[in-house]
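Asker: Structure in structure tokens, see below.
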């Protein structure tokens, strides 16, 4: 029961649209804080998930976060939203894909760190 609860917690936390939030902060405030928060929070979740052997929850959570982020980004693309001139040269959708893939690197590093930490304990 404890493992199921932790799996659900990881997936629920991942359901937050991290990439959309980061891009929105960049677009509206010109701030990189959103990207930093995305990297730190997702890395911590990946560390916790790997440390507790919940790899599937990490995968499902990343997919869920990507879907939720894509939903919000696709609603803001076009007229009245992100018109594609701010996120040059990739545009909003291309930038979403780029940042989503780039965000996997610190998560993999955090998972490797969790492996080393788990072996010590």
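Asker: So if I take the centroid of the Cα atoms in segment 6-41 and the same for segment 97-121, what is the distance between those two points in Å?
Answerer: With segment 6-41 and segment 97-121 each reduced to a Cα centre, they are spaced 16 Å.
Asker: Another question, then. Put a dot 7 Å past each Cα toward the Cβ at residue 97 and residue 12; how far apart are the dots in nm?
Answerer: In this crude spin-label approximation the distance works out to 3.3 nm.
Asker: Also, quick follow-up: Once you put a point 7 Å from the Cα of residue 90 and another 7 Å from the Cα of residue 63, both along the Cβ direction, what distance in nm separates them?
Answerer: Label-label distance for residue 90 and residue 63, simple model: 2.2 nm.
Asker: Applying a 10 Å radius around every beta-carbon, put 20-28, 67-75, 101-109 in order of their mean neighbour count, most first. Intermediate results must be reported in sequence, preceding the final value.
Answerer: Working: 20-28: 19.1, 67-75: 16.1, 101-109: 14.4.
So the order, starting with the most tightly packed, is 20-28, 67-75, 101-109.
Here, each number is a calculation from the coordinates, and none is a lab measurement. The model shown is predicted, which means the values in this text are computed figures rather than measured ones. Ideal geometry is used to build each Cβ from the backbone, glycine not excepted, and the neighbour counts take in all protein chains shown.
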